[in-house]
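This report refers to the structure that appears directly beneath it.
We did not get these values from a lab; they are worked out from the coordinates using the rules stated. A quick note: this is a predicted structure, and the numbers were derived from the prediction, not measured. Reconstructed Cβ throughout: ideal geometry from the backbone, glycine too, with neighbour counts over all protein chains shown.
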2 protein chains.
Amino acid sequence: MARAASTPSALLSSDLIRAAGVKVTRGRVRVLDALQDARQPLCHSEVEAQLAGTEDTAIDRVTLYRILDSLVACGLALKAVDTRGVFRFSIAGGQRQHANHIHFRCTDCGGVFCLKAEPPPPPKLPRGFRLCEVEFDVRGTCATCSTRSAA
Amino acid sequence: MARAASTPSALLSSDLIRAAGVKVTRGRVRVLDALQDARQPLCHSEVEAQLAGTEDTAIDRVTLYRILDSLVACGLALKAVDTRGVFRFSIAGGQRQHANHIHFRCTDCGGVFCLKAEPPPPPKLPRGFRLCEVEFDVRGTCATCSTRSAA
DNA sequence: TCTCAAATGCAACATTGTTGCATTTACGCG
DNA sequence: CGCGTAAATGCAACAATGTTGCATTTGAGA
Ligand SMILES: [Mn+2]
Ligand SMILES: [Mn+2]
Ligand SMILES: [Zn+2]
Ligand SMILES: [Zn+2]
């Protein structure tokens, strides 16, 4: 089964940052690398933890907040709030390739799988309402997890 | 626009609370009244401000958090996070009456609005996958919030 | 190399939400 | 009504997340 995956592009973070028109700093490169490697949007503390796993020096907490916001400001990252009210960051553009099909989320392993079906058309909205995003969320257990739990 | 979870009845808050199976306290009645009167989901501080406008004594900050959560726990209120990561509360109606149509969630105020359209049918899944839940999430800004942000 | 706006580190602060515990209160029951 | 008790409240402390101000350092163009 085709797993939803991050971009296979070997574009260096430093190149992306330079192309975005902001200074290439060690912090920005490390954070963007972390977002690229991540398989889901990361919150501030998760990025911090990821960075702590490296041998490099730690980035200041406030600086990390500012780096994340700067990546969003220059279009390299996306910022969204999760159900607990915490901001999560992901690389921008990674979602575009998954725009015209729907996804299945395994509630067991957390995996996201691409389905063949197209997303349903957005409904008609009352006057004055502004559509921003339509998400068809299909949840359950994937084949692997279903087999394992049936055993 | 028909707001989701609007109660057509003039049921007293105290009756609703009693029927929900929890103790009828002055705080719960006042908070539920505030949510009923509100035209949009209110966050903690907004409920606090609303209550401060009355002549009654102020409710402790922690108690207000606990009252709001208790109203959610007993099914009288709904809790959703807004775009800034703040929880907003609104009165809940019967959820059964909202089974056959889809909803629009305002990412600004957290409000939930009933739409006329039916929910889309569940997609066909790959072999071995087990469907558990399907959710059609339509997000954007409601008429009120769209007007306000355009100003 | 020089220069300086941009980025960083650090301290302090703000907002939102939670936990522990002593006190008070709602309400079922005799 | 008056009791007993579990639930609810008030208060202090704490936690998590995010922001502001300011002095210092640094990326990168001239
Ligand atoms: Mn928050
Ligand atoms: Mn996909
Ligand atoms: Zn799975
Ligand atoms: Zn709204």
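Got a sec to turn the phi values of region A:66-78 into Karplus ³J(HN,Hα) couplings, 6.51 cos²θ - 1.76 cosθ + 1.60 with θ = phi - 60°, whole Hz, x for Gly and Pro?
Calculated HN-Hα couplings, in order: 6, 5, 4, 5, 5, 5, 5, 4, 8, x, 8, 9, 10 Hz.
Kindly provide the helix-only [θ] at 222 nm of chain B, computed as the sum of -39,500 (n - 2.57) over DSSP H runs of four or more divided by all residues, to the nearest 500 deg cm²/dmol?
Helices in chain B give a 222 nm mean residue ellipticity of -9500 deg cm²/dmol.
Evaluate peptide A:71-84: per residue, the Cβ atoms of other protein chains within 10 Å of its Cβ; return the mean as an integer.
1
Using amide H atoms built 1.01 Å from N in the peptide plane, name the residues 5+ places from A:ALA77, or on other chains, whose amide H lies under 5 Å from its own.
For A:ALA77, the qualifying residues are A:VAL72, A:ALA92.
Taking amide H atoms as placed 1.01 Å from N in the peptide plane, list the residues 5 or more away in sequence, or in a different chain, whose amide H sits under 5 Å from that of B:GLY111.
Placed amide hydrogens put B:CYS106 under 5 Å from B:GLY111.
Considering amide H positions built from the backbone, and no H for Pro or chain starts, which residues 5 or more places from A:CYS132, or on another chain, come under 5 Å of its amide H?
Residues meeting the criterion, in which the H sits 1.01 Å from N, are B:ARG139, B:GLY140, B:THR141.
Ignore the peptide's own chain and count Cβ atoms of other chains within 10 Å of each Cβ in B:110-122; give me the average, rounded. Intermediate values should be presented prior to the final figure.
Working: counts 0, 0, 0, 3, 1, 5, 4, 6, 1, 3, 7, 2, 4.
Across B:110-122, the average partner-chain Cβ count within 10 Å equals 3.
Across peptide B:133-146, what mean number of C-beta atoms from other chains lies inside 10 Å of a residue's C-beta?
6
In straight Cα distance, which lysines are under 27 Å from B:LYS79, not counting same-chain residues fewer than 8 positions off?
A:LYS79, A:LYS124, B:LYS23, B:LYS116
Quick one: compute the contact order of chain B, relative version, from alpha carbon pairs under 8 angstrom and 6+ residues apart, as a percent.
23
Could you pull the Cα extents of chain B along its three principal axes, largest to smallest, in whole Å?
Each principal axis gives a Cα extent; for chain B these are 60, 43, 29 Å.
For a label point 7 angstrom out from the Cα of A:VAL24 toward its Cβ, which stretches of region A:47-69 have the backbone nitrogen within less than 19 Å?
A:67-68
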